[in-house]
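Contents: one structure, followed by commentary.
The values are calculated or read from the model by the stated rules, or taken from the named source; none is laboratory data. Small disclaimer: the values here were computed from a predicted structure and weren't measured. Glycine also receives a Cβ, built like all others from the backbone with ideal geometry; neighbour counts cover every protein chain displayed. The area values use the complete protein model at the heavy-atom level, side chains included, leaving out ligands, DNA and RNA. Shrake-Rupley method; radii C 1.70, N 1.55, O 1.52, S 1.80 Å.
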Amino acid sequence: MQELVPRFEKATGHKVVITYGLAAALKRQIDAGEPFDLAILTPQFIDDGIEKGRLVRESRTELARAGMAMAIRKGAAKPDVKTTEALKRTLLASPAIGFAKEGAAGTYFVGLIDRLALARDLQAKLRPVATGFDVAAAVAKGDASLGIMPLSEILPAPGVEVLGLFPSDVQSYLIMVSATRRDSPRSPVAGELVKLLMSPTTLAVLKSNGMER
C-alpha cells in the first residue's frame with residue numbers, strides 16, 4: 001500500500017487516508033461503528049462483516065497472500081527448517097519464540113504446534129506480543145530467538161532477516177481480502193483503488209514485498 005497508493009493518488013487526484021493495524025483490531029473498530037470506505041482484512045473478518053451487512057458481498061476481492069515464515073536476528077546462525085522434522089528440532093532448541101497473539105501468523109503457529117504435539121514442550125518458550133512490529137523488535141533485540149510472521153512482514157523489518165518459510169506440508173498463508181462499506185458514498189473511488197491493486201502492473205511490487213497473487 002505504501003508503494004501503490006501514491007501511484008493511485010497521482011493518477012486520480014484522490015487522497016487516501018490509511019489506518020494500519022492487526023486485522024482483529026481493525027475489525028473491532030468496524031464493529032464499533034468507526035467510519036471507513038474500504039476494509040482490507042483477513043478472510044474471516046471480511047466474511048463476518050459481509051454476513052453482518054456492514055460490507056458489500058459483491059465487492060469482496062482477494063488481493064494477495066504471503067506465506068508464513070520465521071525471522072531471526074540479522075547475522076544470527078540459521079538452523080535448519082527445511083523439513084517438518086528439522087523444524088520441530090529447531091523449535092525445541094529455540095530459547096524463546098515470539099508471535100503476535102491476535103495476528104494470523106500467531107493463530108496459525110499456536111494451531112501448528114498443537115498439531116505437531118509440541119505445545120506442552122514449547123509452552124515456557126512462547127512469547128506472545130501485541131503486533132508483528134513487536135515480534136520483529138523482540139527478535140532484533142534478542143528477546144526472542146525466533147519470530148513467527150508472514151514473509152511480507154519480515155522483509156521490511158529492521159534488525160531481522162528471514163530464516164525460512166515453513167515447510168510446504170505445514171505451510172499456511174496470510175490472505176488479504178478487500179471489501180467496501182455498504183453505506184460508503186465513496187465506494188466507486190474505493191473500487192478504483194482495488195482495480196489498481198489487482199492490475200498486472202502491481203505483481204512486481206507484490207513479489208518484492210514477499211507476497212503473491
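Within the stretch 22-44, work out how many residues are within 21 Å of Met149 (Cβ to Cβ) and open to solvent by less than 50 Å² (accessible area, probe 1.4 Å).
The first filter runs over the stretch 22-44 and keeps only residues within 21 Å of Met149 (Cβ to Cβ), leaving 22-27, 40-44.
Add one more test, that the residue is open to solvent by less than 50 Å² (accessible area, probe 1.4 Å), and what stays is 22-27, 40-43.
Final tally of qualifying residues: 10.
Okay, residues lined up against (1) open to solvent by less than 20 Å² (accessible area, probe 1.4 Å); (2) in a loop (DSSP other than H, G, I, E, B):
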{"site": "Gly67", "(1), (2)": "yes, no"}
{"site": "Met70", "(1), (2)": "yes, no"}
{"site": "Gly75", "(1), (2)": "no, yes"}
{"site": "Val81", "(1), (2)": "yes, yes"}
{"site": "Leu87", "(1), (2)": "yes, no"}
{"site": "Leu91", "(1), (2)": "yes, no"}
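Please work out if Ala39 is small (Gly, Ala, Ser) and touching a Gly at 6+ places or on another chain (Cβ under 8 Å).
Numbers: small (Gly, Ala, Ser): yes; touching a Gly at 6+ places or on another chain (Cβ under 8 Å): yes.
Criteria met by Ala39.
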Notebook entry, point to check: Limited to the stretch 104-126, what total is found for residues that are in contact with a Leu (Cβ under 9 Å, 6 or more places away or on another chain) and either at pLDDT below 95 or not in a helix (DSSP H, G or I) (or both)?
Noted result: 3
Margin query: Return the residues of the stretch 20-41 that are modelled with pLDDT of 95 or more and of a type in the set (Ser, Thr, Tyr); say none if nothing qualifies.
Written below: none
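Of these, Val139, Val135, which one is β-branched (Val, Ile, Thr) and either at pLDDT below 95 or touching a Phe, Trp or Tyr at 6+ places or on another chain (Cβ under 8 Å) (or both)? Before the answer, list the steps.
Details: Val139 fails: either at pLDDT below 95 or touching a Phe, Trp or Tyr at 6+ places or on another chain (Cβ under 8 Å) (or both).
Step by step, each of Val139, Val135 is checked, and only Val135 is β-branched (Val, Ile, Thr) and either at pLDDT below 95 or touching a Phe, Trp or Tyr at 6+ places or on another chain (Cβ under 8 Å) (or both).
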Check: Which ones in the stretch 155-213 are within 29 Å of Ala137 (Cα to Cα), β-branched (Val, Ile, Thr) and outside any helix (DSSP H, G or I)?
Finding: Val160, Val162, Val170, Ile175, Val177
